[in-house]
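A.B. asks: A single structure is presented below for examination.
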Amino acid sequence: MNENKIPSDKNEELPLAGIVVLDFSQFLAGPSCALRLADLGARVIKVERPDGGDACRSLIVANQTHDGDSALFHTINRNKQSYSADLKNPADLANIKKLLQIADVMIHNFRPGVMQRIGLDYDSVRSINPRLIYGEISGYGDEGPWRDKPGQDLLVQSLSGLAWLSGNANDGPVPAGLSIIDLMTGAHLAQGIMGALLKQARTGAGTRITVSLLESAMDLQFEPFTAFLNSDGRQPVRSTVNHANVHTAAPYGIYQTADGYLALAMTPLDKLGSLIGCATLAEQAKDPASWFDQRDYYKRILADHLSTQDTTHWLSILEPEGIWCAPVQNWPELIKHQGFKTLDVVQTITATSGASMKTTRCPIRIDGKILTCERPAPKLGADNAEIDTLLANSAT
C-alpha cells in the first residue's frame, strides 16, 4: 500500500469508523453528503426502492454508463451499500425501523410531508432511537409558498439570484456550469452532522439537522449579498467587459490573449499598466477609487493591450512581480500539468464485473494522507442478505 494513501478497507484509521449511516436520499445533494461521510470511514447503507432504486441510476450524463448504471451514480454513490426496501410495505418498513435502532445517522431528501405519511418523520424516528442524528434536505424549507416547488439546482440558481452574478452586463442570466447548489447543500448537511456527532458523543442525544437548497444558495452568495443588503437596494451591476465579480474593481476578470486567455485578480491598475507597457493605464489609473467606478473603461483598454501578446509572454512578466494571475486552462491542459499530477486527485473504481472508471477522490487528507476508494456504487439491493442477517442477529 502506498503509505501516503488510506484505502477504504482501512476504516479503523478513519475518523468516522464505526458510524452507521442510513441514506434515503436521491440525486446529488443528499448522496454527496453521505459520500463524504463514507469517505471519512462511516458505513453508509443506501436505502432504495426495489423498483429502479435511486432515480440517479438512470440519470445519464455525457452518455456515460458504468456497470449497468449511470456513471454519475457511481461518482456520487461509491463506497456505499445498497438495501432495497419498499417503505409502503409493512414488512420492509419494519426492517427499516430495526436498522434505525442501530444507526447513528439517517439522511433523506423527500419532499415535505412524505416522511410523516410513511411514519419516518423526526418525532417518530426519535421514539425508535433517541440518539439518532436526523438529517434532511428540502428545496425551500418545510413551510412557505415555495414549500412544494421542485428542489432542483438550476431552478434554485435562478430563484436565488445567483444566475445574475455571472456573464457580462449585456448578457442575460448565466447559471453556473455545474450543480453547485446541490453540492454546497450536501456539504452543509455534512457539516451539521459532524457537529451533531460531537454532541451525540458528549451527551448521547440525537439532533435534527435541516438544510435547504435555497438557504445554501444564499449562504454561497454571502459576500455579494451582504453588500447588497447594506446598499441602496438596487441590483449590483455587472461589468460590460470581462466581468468576473459584481463588486470587484478592474482588472478582475479573464482576458483574451493572442493565443488563449489570462485571468487577473486584484492588483493595482497603474502598477499593472507599467509592468505590461500600457502607458494609458500607468498614467490614468492612479486613483484607486476609479478602478471600480471606471472599471469598464479600464478593462477595455487592458483587453486591447493583452490581446497583442500570448499568455506565456504576459505570465513571464507578471508572475515574477507577484501579480495574481493564471492561464485559463481547459481539462485536457489541466491533467497534463505537473501541479495537477502532484495532487493525485484522480482514482479508479472497479466493479465486481471488472469494469473500471476514473473519478475524483475525497479532497480531505487525514494526517497528511489522502483518502482513496476503489469500491464502486452498489448494485440495487446487493447488500440485502448481509443486512438482513445483521438484523436477525441483532434481534437475538
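What follows draws every value from the coordinates through simple rules; no lab data is involved. None of the values given here were measured: they were computed from a predicted structure. Every residue, glycine as well, gets a Cβ built from its backbone with ideal geometry; the counts of neighbours run over all protein chains shown.
A.B. asks: In region 311-396, which GluC sites (Glu not before Pro) fall in coil by DSSP and have 15 or fewer other Cβ atoms within 10 Å?
C.D. replies: In loop regions of region 311-396 (DSSP not H, G, I, E or B), the sparsely surrounded GluC sites (Glu not before Pro) are Glu374.
A.B. asks: Still on this structure, I have one more. What three numbers, in Å, describe the spread of the alpha carbons of region 123-186 along their principal axes, ordered from the longest?
C.D. replies: Reported extents, whole Å, longest axis first: 56, 24, 13.
A.B. asks: Which FRET efficiency value, to the nearest 0.05, do you get for Trp324 and Gln256 by plugging their Cβ-Cβ distance into 1/(1 + (r/R0)^6) with R0 = 25 Å?
C.D. replies: The calculated FRET efficiency here is 0.85.
A.B. asks: Also, quick follow-up: Based on a Kirkwood Rh over C-alpha pairs, give the Stokes-Einstein translational diffusion coefficient of region 1-139 at 20 °C and viscosity 1.002 mPa s in µm²/s.
C.D. replies: Reported coefficient: 136 µm²/s.
A.B. asks: Follow-up. Can you give me the distance in nm between label points at Arg234 and Arg365, each placed 7 Å from the Cα along the Cα-to-Cβ direction?
C.D. replies: 4.7 nm
A.B. asks: If you place +1 on the Cβ of every Lys and Arg, -1 on the Cβ of every Asp and Glu, and leave all else neutral, what size is the dipole of the chain about its Cα centre, to the nearest 20 Debye?
C.D. replies: Its charge dipole is roughly 740 debye.
A.B. asks: Given points 7 Å out from each Cα along the Cα-Cβ axis, report the Ala201 to Phe292 separation in nanometres with one decimal.
C.D. replies: Placing both labels 7 Å along Cα→Cβ, they lie 4.3 nm apart.
A.B. asks: Report the dimensions of region 305-347 along its three principal axes from the alpha-carbon atoms, largest first, rounded to Å.
C.D. replies: Here the Cα extents, ordered largest to smallest, are 41, 20, 12 Å.
A.B. asks: Next up: Please give the residues of region 301-316, grouped as numeric ranges, whose backbone N is less than 19 Å from a label point set 7 Å along the Cα-to-Cβ vector of Ala279.
C.D. replies: 301-309, by backbone N distance to the label point.
A.B. asks: What do you get for Rg/Rh of the chain when both radii come from the Cα atoms and Rh is the Kirkwood radius?
C.D. replies: Ratio value, two decimals: 1.05.
A.B. asks: Alpha carbon centre of region 120-186 versus region 253-310: separation in Å?
C.D. replies: 38 Å
A.B. asks: Right, something else. Taking the Cα atoms of region 274-366, what is the range of coordinates along each of the three principal axes, in descending order and whole Å?
C.D. replies: Result, largest extent first: 66, 26, 23 Å.
A.B. asks: At Val346 and Leu315, where each label point lies 7 Å from the Cα along Cα→Cβ, what is the point-to-point distance in nanometres?
C.D. replies: With each label point 7 Å from Cα toward Cβ, the separation is 1.9 nm.
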